[in-house]
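Everything on this sheet refers to the single structure shown next.
The values are calculated or read from the model by the stated rules, or taken from the named source; none is laboratory data. Since the structure is predicted, the reported quantities are computational estimates derived from the model, not experimental observations. All Cβ positions, even for glycine, are placed from backbone atoms using ideal geometry, and neighbour counts span all protein chains on display.
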Amino acid sequence: MQADLALQIDPATLAPRDLGFLMTGLIVPRPIAWVSTLDEAGIPNLAPHSYFNAVSSAPPVLMFSSTHSSPHRPNGRKDTLVNIERTREFVVNLVSADLLGPMNETSAEFPPGIDEFDVVGIEKAPSSVVRPPSVARSPVTLECRLERIVQVGDASVVFGEVVWFRLDRQIWGDGRVKAEALQLMCRLGGALYATLGPITHVPRPSGAGYR
Ligand SMILES: Cc1cc2nc3c(=O)[nH]c(=O)nc-3n(C[C@H](O)[C@H](O)[C@H](O)COP(=O)(O)O)c2cc1C
């Protein structure tokens, strides 16, 4: 791309909403963390987060970012974030194609104390080592304990150590994840989603380490 023909954007010239469209439209595809938590009264909460990724393997740590834009709380902090600050536990449920509609429905701005599992009609499954329930039909659930929360820009970045993995059996074989069997939805900008395209195998150069 020739620099003089490219569109140049100074982020200082864009409104926060337009910056959001730019970031989420360009940084794609993003995986979706469908995060289940419990509030202090034990009421479950479920909400999707696509500012989400892996951070560390040993110990296994992931992150997602909660923007401070809740209309229901004076400081904008969303229920997921508040619940994790108070209970220090959550589950990341990964989203297969059949869960796309229900996942989207749980992103509505429900007030605190509303159980999105019940409102949307999503079956719960007990988790193995943390208290928040898992999404029964999710092909992969990652049970997490809070590692730390870091404030960055208009968001709180939540780091969680995965203390338990549950995978559908057909996803796992010979000590590896079967990529073709794990058909997760990806988030693009706005209301756009994608499935994985063709999967290519490119061996690393000899001498390269695992990562
Ligand atoms: C696919 C998808 C991805 C989303 N990703 C994020 C995200 O990364 N961070 C965030 O704060 N909100 C994200 N949202 C919006 C939240 O899901 C929404 O604000 C939700 O109501 C928060 O619920 P809570 O207050 O129960 O935590 C996303 C919504 C959708 C549909």
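All conditions in (1) part of a loop (DSSP other than H, G, I, E, B); (2) surrounded by 19 or more Cβ atoms within 10 Å (Cβ to Cβ); (3) more than 13 Å from the ligand (Cβ to nearest atom) hold for Val91, with the sole exception of (1).
Do the conditions hold for Met23, that is, is it assigned to a helix (DSSP H, G or I), at negative phi and of a type in the set (A, V, I, L, M)? Outline the logic, then answer.
Working: assigned to a helix (DSSP H, G or I): yes; at negative phi: yes; of a type in the set (A, V, I, L, M): yes.
It is true that Met23 is assigned to a helix (DSSP H, G or I), at negative phi and of a type in the set (A, V, I, L, M).
Taking region 32-74 as the range and being without any contact (Cβ under 8 Å) to a residue 60 or more places away in the chain, of a type in the set (D, E, K, R) and touching a Lys or Arg at 6+ places or on another chain (Cβ under 9 Å) as the test, only Glu40 passes.
Does region 12-19 contain any residue that is within 10 Å of the ligand (Cβ to nearest atom) and surrounded by fewer than 21 Cβ atoms within 10 Å (Cβ to Cβ)?
Taking region 12-19 and keeping what is within 10 Å of the ligand (Cβ to nearest atom), we get none.
Checking region 12-19: not a single residue is within 10 Å of the ligand (Cβ to nearest atom) and surrounded by fewer than 21 Cβ atoms within 10 Å (Cβ to Cβ).
Among the residues of region 137-160, the ones that are among the acidic types (Asp, Glu), at pLDDT 95 or above and either closer than 25 Å to Gly101 by Cα or loosely packed, with under 15 Cβ neighbours inside 10 Å (or both) come to 1 in all.
A quick yes/no check of all residues on (1) more than 10 Å from the ligand (Cβ to nearest atom); (2) outside any loop (DSSP other than H, G, I, E, B); (3) among the small types (Gly, Ala, Ser):
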site: Val55; (1), (2), (3): yes, yes, no
site: Ser69; (1), (2), (3): no, no, yes
site: Pro74; (1), (2), (3): yes, no, no
site: Asn83; (1), (2), (3): no, yes, no
site: Arg86; (1), (2), (3): yes, yes, no
site: Leu99; (1), (2), (3): yes, yes, no
site: Pro102; (1), (2), (3): yes, yes, no
site: Glu109; (1), (2), (3): no, no, no
site: Asp118; (1), (2), (3): yes, yes, no
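Considering only region 29-49, state which residues are more than 21 Å from Val163 (Cα to Cα) and surrounded by 14 or more Cβ atoms within 10 Å (Cβ to Cβ). Passing the criteria: Pro29, Arg30, Ile43.
Residue check: is Ser134 touching a residue at least 12 places away in the same chain (Cβ under 8 Å), touching a helix residue (DSSP H, G or I) at 6+ places or on another chain (Cβ under 7 Å) and buried (at least 17 other Cβ atoms within 10 Å of the Cβ)? No.
Here's the yes/no breakdown for (1) within 18 Å of Phe52 (Cβ to Cβ); (2) charged (D, E, K, R); (3) more than 16 Å from the ligand (Cβ to nearest atom):
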site	(1), (2), (3)
Phe159	yes, no, no
Phe165	yes, no, yes
Gln183	yes, no, yes
Pro203	no, no, yes
